[in-house]
Amino acid sequence: MELLFRLFIKNHNNTNDEAVRRKYGILGSTTGIVLNLLLFVLKTLAGVLTRSIGIIADAVNNLSDAGSSIITLIGFRLSGKPADHDHPFGHGRFEYISALFVSFIILLMAFELCKSSVSKILTPEAVSFSTVSAVILTVSILIKGWMYLFNKKIGKTISSQSMAAGAKDSLSDSVATLAVLISLVVSQVFRINIDGYMGLAVSVFIFYTGISTLRDSVSPLLGGTPDKELVQNIESTILAHKEIVGIHDLIIHNYGPTRFMLSVHAEVPASSDILKIHDTIDIIEREIAKKFRCDAVIHMDPIETDNEVIAEARETVKSIINDISPALSMHDFRMVSGDTHTNLIFDVVVPFDFEMSSRELTGEIQKRVFNHNSTYYVVITIDKNYV
């Protein structure tokens, strides 16, 4: 694998470069096309020699895999197109779409193999054992196993959903071919024809793989949760600046594996020089853009840090919220005092799967704050945790 990377990809270690990343995808796709066409020819020969529906189906599956690799190749080509007037954030999501097509092909092959296997069970035909066919199938298993590792390595190296889908497809093919080989050996040694049953079992495995790949492909198109390590790195980069007291409402919009934009609220002391803080925010935005290759928009939230009364009320409310659930967090705390009561205004970040409704949570916080100080009234905005 490393030899192929060095031979065909210049500066192959610089995976942050979009051109290098695209070359990885093209190399993986081209390798898949060549090897799958080779396996199609070899397995077709083996299927004719043994009269095995399992081997023939496996050969056709390899032909469809070559088609999948072509789709992946097209996906990498199209995803590399620069931004234009109609698509100002580029075409990176084409890679997700190609992975989606591969998922459908996997599911289609699972259905076709299931149908042919059921037919084989209902009307069984004798399967002839051939040493040549056994060797071809063994070589096929080894090649597909290598392709699984190859695609998996590329997928991990460049964070590619389509290459990850290709890896799962190769793994299912390897298992399918192993099942066919086992059925041939069983028919030769025990004189039992299990060709159809093995094909049926493999079709279930391939169907499961297709569903898994489909789920992984759809998630980024729908807008999945960003990578935790990425979120932590972004947060630590912002908080490394001493002028920033805290951050909240971090939202990451994904437009492809190498293209995203983010927005975040940065809390700063209200007593700070607004021009200096604005300059700091600009510096952080440029730093994030350079470090993570993305567009960043940072909203500045001034908070009181020197007022002891506000600080004490903030800590009280924070303690109450944490006591309700450690999964909750608070931000944008403000205090508006009046003649008869004081309004405590703040936002609470709530996980999507939190057991209490927004109304129940607001009521519970209000009750506990009132029990602590009957002059306090809370005004709460419920936020969802997007990261």
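The values are calculated or read from the model by the stated rules, or taken from the named source; none is laboratory data. The structure presented is a predicted model; accordingly, all values stated were derived computationally and were not measured. Cβ atoms come from the backbone with ideal geometry, glycine included; neighbour counts cover every protein chain shown.
Laid out as a table, the results:
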| read-out | value |
| --- | --- |
| Any hit, the stretch 88-103, residues being touching a residue at least 60 places away in the same chain (Cβ under 8 Å), within 29 Å of the chain's Cα centre (by Cα) and over 15 Å from residue 256 (Cα atoms) | yes |
| Counted residues, the stretch 52-85 - those being farther than 19 Å from residue 294 by Cα, modelled with pLDDT of 80 or more and assigned to a loop (DSSP other than H, G, I, E, B) | 0 |
| Qualifying residue in the stretch 115-122 (condition: crowded, with 17+ Cβ neighbours inside 10 Å, under 28 Å from the mean Cα position of the chain (by Cα), among the charged types (D, E, K, R) and part of a helix (DSSP H, G or I)) | no |
| Residue under evaluation residue 150, criteria (1) under 18 Å from the mean Cα position of the chain (by Cα); (2) in contact (Cβ under 8 Å) with a residue 60 or more places away in the chain, criterion not met | (1) |
| Considering residues of the stretch 365-387 that are closer than 30 Å to residue 232 by Cβ and not aromatic (Phe, Trp, Tyr) only, the residue modelled with the lowest pLDDT | 387 |
| Failed item in (1) without any contact (Cβ under 8 Å) to a residue 24 or more places away in the chain; (2) out of contact with any helix residue (DSSP H, G or I) (no Cβ under 7 Å at 6 or more places or on another chain), with residue 77 passing the rest | (1) |
| Residues of the stretch 229-264 satisfying the condition of being surrounded by fewer than 18 Cβ atoms within 10 Å (Cβ to Cβ), assigned to a helix (DSSP H, G or I) and in contact (Cβ under 8 Å) with a residue 40 or more places away in the chain | 230, 231, 233, 237 |
| Residue within the stretch 285-305 that is surrounded by 15 or more Cβ atoms within 10 Å (Cβ to Cβ), polar (S, T, N, Q) and over 39 Å from the mean Cα position of the chain (by Cα) present | yes |
| All positions within the stretch 1-33 that are within 25 Å of residue 81 (Cβ to Cβ), over 23 Å from the mean Cα position of the chain (by Cα) and among the aliphatic types (A, V, I, L, M) | 9, 33 |
